[in-house]
Each structure stands twice: as C-alpha cells, then as structure tokens.
C-alpha cells in the first residue's frame, strides 16, 4: 500500500519534537547561540589541514578557470600534455592517479573540444601520443598564467621560502 506524503512540518525528530527545516537565522528553543567550537584536534591532523587548504585554493581555481571551461583534472591533464608532448594516456593515469576508464572519457572530451590531438607514438605502435592542438596551446598559455596568479593570491601570506618549504613537505607525503 503506498504511503501518504507527510508535510515536512509534521515530521518528528528523533526525540519526538516537531522538526522544522533548520535555517541559518532560526534556532530552536533552548539551543545555544552559535559560537566558536574547539577544532584543535582536527587542526593537528595533516589531512585536515591539507584538505582545508586545497578546498580554499580549488574554490578560487574553479572561479578563475570558468572562462576556459576547465576543471582541475582537465587543467592538470592539459598541463602535463603541454610540458610532455607525446605523453600517453597510461602515463597520465600514473602521474595523476586517475583510473584508465576515467582518463579515456577525459581525453575524449578534450579531443572533442579540439584542445588535443592523438598521434602515433614513436616507440610504441600500440599507443598514441597526446599533443596540444594550436587552440589548446593558446588556451593553456593563458590558463597556466591564470593558475600562477591564483597561486600567488592564495599563498600571499607565505614568503617565497615558506611556499617552497610547504610544497616540498607536501610532496614528501605523496611521493
């Protein structure tokens, strides 16, 4: 037998009170005003700090890459092709930690956008080398300039030496 739809205002919360959808400006009776919470434990974790920093940079990245229509993985793939003409899909998978089926779709999409071209690989007849098209080269010159600017903006509180140290330390974790 089908269940009747119940308006959200009549749904009970786990302790039996009426559950209204929470809103930022509305608090429940007896609820404390929002205030600072203790984040010391999380701030002592490398993963938490790396993720928070990444989320901050990625938010700016997404906004600034809108004119190019690039997501982070597409930018990374195109950047590797830019600096490694003839790279294979297998090499890209390894360098970026992307699964082969996902890379196939990614490469197909970049090819459909006329940003890359496939050419026979000079030493492996089974593989195809990936190269930027003229359109891809022009776009990546601008996109990499934009990425460099956003990195400077994101790390403006760090000295050049601190930025170098931070990158070295992060790379020690994943390499």
Q | Among the candidates 53, 89, residue that is surrounded by 14 or more Cβ atoms within 10 Å (Cβ to Cβ) and free of Cβ contacts under 8 Å to residues at least 12 places away in the same chain | A | 53
Q) Which is within 29 Å of residue 46 (Cβ to Cβ) and assigned to a helix (DSSP H, G or I), of 170, 158, 70, 110? A) 170
Q: Out of 42, 55, report the one residue that is within 29 Å of residue 172 (Cβ to Cβ), part of a helix (DSSP H, G or I) and either touching a helix residue (DSSP H, G or I) at 6+ places or on another chain (Cβ under 6 Å) or modelled with pLDDT under 50 (or both).
A: 42
Q) Among the numbered criteria (1) under 19 Å from residue 56 (Cα atoms); (2) at pLDDT 95 or above, which single criterion is violated by residue 106? A) (1)
Q: Sort out which residues of segment 60-71 are over 19 Å from residue 163 (Cβ atoms) and either surrounded by fewer than 16 Cβ atoms within 10 Å (Cβ to Cβ) or over 11 Å from the mean Cα position of the chain (by Cα) (or both), and write them in order of number.
A: 62, 63, 65, 66, 67, 68, 69, 71
Q) With respect to the numbered conditions (1) modelled with pLDDT of 95 or more; (2) in a loop (DSSP other than H, G, I, E, B), which one is the sole condition not fulfilled by residue 6? A) (1)
Q) Does at least one position in segment 120-128 carry a residue that is in contact (Cβ under 8 Å) with a residue 12 or more places away in the chain, assigned to a helix (DSSP H, G or I) and either over 19 Å from residue 83 (Cβ atoms) or in contact with a strand residue (DSSP E or B) (Cβ under 7 Å, 6 or more places away or on another chain) (or both)? A) no
Q) What are the pairs, 6+ residues apart or on separate chains, where a residue within segment 64-83 that is in contact (Cβ under 8 Å) with a residue 60 or more places away in the chain has its Cβ under 6 Å from a residue that is surrounded by 15 or more Cβ atoms within 10 Å (Cβ to Cβ) and in a helix (DSSP H, G or I)? A) 64/146; 64/150; 68/139; 68/143; 78/140; 82/140
Q. If the Cβ limit is 6 Å and pairs must be 6+ apart or interchain, which residue in segment 144-163 that is under 18 Å from residue 82 (Cα atoms) pairs with which residue that is surrounded by 12 or more Cβ atoms within 10 Å (Cβ to Cβ) and modelled with pLDDT of 95 or more?
A. 146/64
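The values are calculated or read from the model by the stated rules, or taken from the named source; none is laboratory data. Computed from a predicted structure; not experimentally measured. Neighbour counts are summed over all protein chains in view; Cβ atoms, including those assigned to glycine, are modelled from backbone coordinates with ideal geometry.
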